[in-house]
1. Would you be able to tell me the number of residues in the range 228-241 that are surrounded by fewer than 24 Cβ atoms within 10 Å (Cβ to Cβ) and either within 11 Å of ligand 1 (Cβ to nearest atom) or more than 21 Å from Ser156 (Cβ to Cβ) (or both)?
2. Given (1) assigned to a helix (DSSP H, G or I); (2) under 18 Å from the mean Cα position of the chain (by Cα), identify the lone condition not met by Gly280.
3. Scan the helices (runs of 4 or more DSSP H) fully inside the range 3-77 and keep the ones with 3 or more residues being of a type outside the set (Val, Ile, Thr), in the same structural domain as His279 (by TED's automatic domain parsing) and closer than 26 Å to Asp268 by Cα.
4. What number of residues in the range 278-310 are within 11 Å of ligand 1 (Cβ to nearest atom) and over 19 Å from Leu33 (Cα atoms)?
5. Could you count how many residues in the range 316-336 are assigned to a helix (DSSP H, G or I) and over 18 Å from the mean Cα position of the chain (by Cα)?
6. If you check Ser192, Ser244, Ser182, which single one turns out to be modelled with pLDDT under 95 and either away from ligand 2 (no atom under 16 Å from the Cβ) or surrounded by 20 or more Cβ atoms within 10 Å (Cβ to Cβ) (or both)?
7. Filter the range 140-181 down to residues that are in a loop (DSSP other than H, G, I, E, B) and over 24 Å from the mean Cα position of the chain (by Cα), then give me how many there are.
8. Report whether or not Ile254 is away from ligand 2 (no atom under 11 Å from the Cβ) and β-branched (Val, Ile, Thr).
Amino acid sequence: MKIAVLPGDGIGPEVTRESLKVLDALSLPQLTLFEGDVGGIAYKRHGHPLPSETLDMARAADAVLFGAVGDPECDSLPRQHRPEQAILGLRSELGLFANLRPAAGFPGLEDLSPLKPELARGIDLLVVRELNGDVYFGEKGERESAGGREGWDAMSYNEAEVERIAHTAFRAARKRRKKLTSVDKANVLETSRVWREVVVQIADQYPDVELDHMYVDNAAMQLVRSPGQFDVILTGNLFGDILSDQASACVGSIGLLASASLGERQTDLGTFGLYEPIHGSAPDIAGQGKANPVAAILSLAMLLRHSLGRETEAGQIERAVANTLTGDIRGADLGGTATTQEIGDAVIGNLKSI
Ligand code: NAI
Ligand code: MG
């Protein structure tokens, strides 16, 4: 099996290093790792944030382990050269339309959540975010207007796009508590009206799953007021981006949440996917050993589960992380002093005693 490792920028390489240490500790047979440049570092070395060699490497692999992209030194570049285009390019070129972002309260971290501990304890949800459409991929540009320069981005979803992500979400709900909340803004957006109608149609095929609909503004409010009501949240690219960061803060830190981006391509042992923490390159803490590698390590667990058919090892990593978080090894994001490397080492220590 082949894994393409794309550490990227800022804290990306720092947290990816820790997940690779964890992978190494598992001593899995027949695994080959390839490493490629992506993001700002790729732009600086090759003149493009997603060089064709990197894309080819990702295509040839069974899974991609991704760190993060984003570099303040690239902020003034034209959009097509910005580091963030690399992750958008990977998602669309590799057909990764389904982004799974689980958020569950960790025992022992309730006090770190901005929510009341009893609310934080009740969080156990999965955001299923559509990843290949919406305003991120619509036509965009700048034009003159009566009010001066005007930037614009087109938002759209077609039926086929909504159908496939809806199936992903209903199937995920079936394996969980069988409750699906579709989040949209159907009271004002045409995109959302089509979205909602399609979701309702697909629901016929999943009579065992309870479906409800929520406007995104209400969903943001409900997520902090009573997050325990959510099981699976199905939503579009933009709303999912925002709500999943919010869900991470409810759990305790953005440094804790992992994600899987999946498409339709099957590997020998599962589904091809790209796995990454939900956070970005965090330039404010890069190079200081302050990044929490837990999100990256849990992304590795998702990779093993979804792409390599290694459920046992995925579960072991998740338990090792949970055991680490209940101990006193905590990073700065959780009010502690442990470094990125110390947290990685502690997870490996716990993994060995499982
Ligand atoms: P960010 O997620 O990088 O950071 C937000 C805040 O959370 C910062 O204060 C940061 O220090 C903290 N943080 C993030 N990850 C952490 C971790 N593992 N441990 C401890 N603290 C952590 O988002 P921001 O600042 O909005 O964006 C920074 C850059 O990352 C930008 O260039 C942005 O475009 C890019 N970005 C890239 C993503 C990706 O590669 N998929 C996703 C989100 C942002
Ligand atoms: Mg985001």
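The values are calculated or read from the model by the stated rules, or taken from the named source; none is laboratory data. Keep in mind that what you see is a predicted model, and the values were worked out from it rather than measured. In this analysis, Cβ positions are derived from the backbone assuming ideal geometry, glycine residues included, and neighbour counts consider all displayed protein chains.
1. 4
2. All conditions pass for Gly280, except number (1).
3. Working: elements: 12-26, 40-46, 52-60.
So the answer is 12-26, 52-60.
4. Result for the range 278-310: 17.
5. Here is the first cut: in the range 316-336, the residues assigned to a helix (DSSP H, G or I) are 316-326, 332-334.
Narrowing further to those that are over 18 Å from the mean Cα position of the chain (by Cα): 316, 319-320, 322-326, 332-334.
Residues meeting the conditions: 11.
6. Working: Ser192 fails: modelled with pLDDT under 95; Ser182 fails: modelled with pLDDT under 95.
Of the residues listed, the single one that is modelled with pLDDT under 95 and either away from ligand 2 (no atom under 16 Å from the Cβ) or surrounded by 20 or more Cβ atoms within 10 Å (Cβ to Cβ) (or both) is Ser244.
7. The first filter runs over the range 140-181 and keeps only residues in a loop (DSSP other than H, G, I, E, B), leaving 146-147, 154-158, 175-178.
Within this subset, residues satisfying the condition of being over 24 Å from the mean Cα position of the chain (by Cα) are 146-147.
Number of matching residues: 2.
8. So Ile254 does not fit the description; no.
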